[in-house]
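Rule-based calculations on the coordinates, nothing more; no lab input. It should be emphasised that the depicted structure is a prediction, and the values quoted were computed from it without experimental measurement. Cβ atoms come from the backbone with ideal geometry, glycine included; neighbour counts cover every protein chain shown.
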Amino acid sequence: MTETAGAGPVPGADGVLRCPWAVGTPDYLAYHDQEWGVPVTEDRGIFERLSLEAFQSGLSWLTILRKRENFRAAFAGFDPAAVAAFGPADLDRLLSDTGIVRNRAKISAVIGNARAALAVPGGLAALMWRYATAAPPPVTTADVPAWTDGSAACARELRRLGFTFTGPVTVYAALQACGIVNDHLAGCFRRDAVT
């Protein structure tokens, strides 16, 4: 989404102002308009976004978005209890699944993170929501950080609890996706709709 660095909201084909990354493809448009930044308050939803952001590391978000239903099918709908029970046969199955990103380290991280999520006191959602921030709305994409002190602190807490592939950038992207941080730009029609 860096191709829009420094840009402010732009009108879509319908004339409505949106974050500029949203108007590139129909997939981005639907994700932006219907989901990105909408508050997610349950563990399964948080676990899914955190897992998908980990898979995105080093890849295009569009690649992950287009494979999302395959990921959901492969990872039992991102039910942490179901994924935590995955064993060696599941790992083999996932490594041969052409519908997802077949990266052993990332797949193993998701399975391990499911086990860690089940052990989080109070639940994963409660942990992540402790890092909610209210900041002035970004005006352009240049005002949106890749990570923050809060996402770095959350990443450290997750790592202490046994999570992997949860660095500050990945965690910040999950905080954005889950509406814990609202990074819709000032002027974007979704800015006030998701708070």
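In degrees between 0 and 90, to the nearest 10, how far off the longest principal axis of the chain does helix 168-177 point, with axes built from Cα atoms? Rounded to the nearest ten degrees, it is 70. What's the angle, to the nearest 10 degrees (0 to 90), between helix 104-118's Cα axis and the longest principal axis of the chain? Helix 104-118 and the main axis of the chain meet at about 90 degrees. For ALA186 and ASP27, the FRET efficiency from 1/(1 + (r/R0)^6), where r spans their Cβ atoms and R0 equals 25 Å, is about 0.55.
Treating each Cα of the chain as an identical point scatterer and summing with the Debye formula, the log10 of I(q)/I(0) at q = 0.08 Å⁻¹ comes to -0.26.
Only helical DSSP H runs with n ≥ 4 go in: add -39500 (n - 2.57) per run for the chain, normalise by residue count and round the 222 nm mean residue ellipticity to 500 deg cm²/dmol. Could the numbers behind the result be given before it?
On the way: 10 runs with 92 residues, N = 195.
The per-residue figure over the chain is -13500 deg cm²/dmol.
For the pair the range 152-178 / the range 1-62, the C-alpha centres are spaced 18 Å from each other. Summary of packing: across the peptides 106-113, 57-64, 174-181, the per-residue average of other C-beta atoms within 10 Å ranks them, highest first, as 174-181, 106-113, 57-64. When a/c is below 1.5 the answer is rounded, else prolate if a/b is larger than b/c, else oblate, so apply that to the range 96-194 with a ≥ b ≥ c taken from the square roots of the Cα gyration tensor eigenvalues. Note, shape of the range 96-194 comes out prolate.
Note on ARG104 and ALA73: the extension gain reaches 9.4 nm, defined as 0.36 nm multiplied by sequence separation minus the Cα-Cα distance. Peptides 83-93, 156-166 ranked from most to least packed, by the mean per-residue count of other Cβ atoms within 10 Å: 156-166, 83-93.
Give the angle, between 0 and 90 degrees and rounded to the nearest 10, that separates the Cα long axis of helix 43-56 from the longest principal axis of the Cα atoms of the chain. For 43-56 against the chain, the angle is about 80 degrees. Only one residue of PHE71, THR140, GLY179 has its Cα farthest out toward the positive end of the dipole of the chain, where Lys and Arg carry +1 and Asp and Glu -1 on Cβ, and that residue is PHE71.
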